[in-house]
Amino acid sequence: MFLPVLLGITFRILGHYTDQPLLGAKAAAGMLIFATVTGVLMALFLNRAGVAWDNPKKYIESGAYGGKGSETHEAAVTGDTVGDPFKDTAGPSIHVLIKMLATIILVMAPLFLKVELNQLGRLRLAGLLVFAL
């Protein structure tokens, strides 16, 4: 819990000394790109891992590795318990988080543009709007 607070304070101090208190649209775009790429990869990983933990129980119940009631089946039931939340909740919720992050950044865009216009002039407005679209 301490690290996010330290990161936020560091960015505020860094922004104060660079005369860019919000660190501008470039930092927001970089964060959005990074969060999207890593979020998609993490969601794919959780979905695939959940299926990999979930499906062996079905295979063992068909008679392989001793079938129902064996020690292997008990381990597979534990794997099913772990795999279900991965594939049913954790993976899809990261997708929602990515969409929410993009929406928040689009809502905050006028604030970033206002700061950028005061510092860099109107020439960058067209480039930022094209980048946002």
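Computed from the coordinates by the stated procedures, all read-outs in this text should not be read as laboratory data. Predicted model, so just to flag it, every value in this text is computed and none were measured. Glycine also receives a Cβ, built like all others from the backbone with ideal geometry; neighbour counts cover every protein chain displayed.
Data for the structure
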{"quantity": "At R0 = 35 Å, FRET efficiency that the Cβ-Cβ distance of Ala35 and Val82 yields, to 0.05", "calculated": "0.85"}
{"quantity": "In segment 41-85, trypsin sites (Lys or Arg not before Pro) in a DSSP loop with at most 16 other beta-carbon atoms within 10 Å", "calculated": "Lys68"}
{"quantity": "Lysines whose Cα lies under 18 Å from that of Lys26, excluding same-chain neighbours fewer than 8 positions away", "calculated": "Lys114"}
{"quantity": "Hits among lysines - C-alpha to C-alpha of Lys68 under 28 Å, sequence gap 8 or more where chains match", "calculated": "Lys57, Lys58, Lys87"}
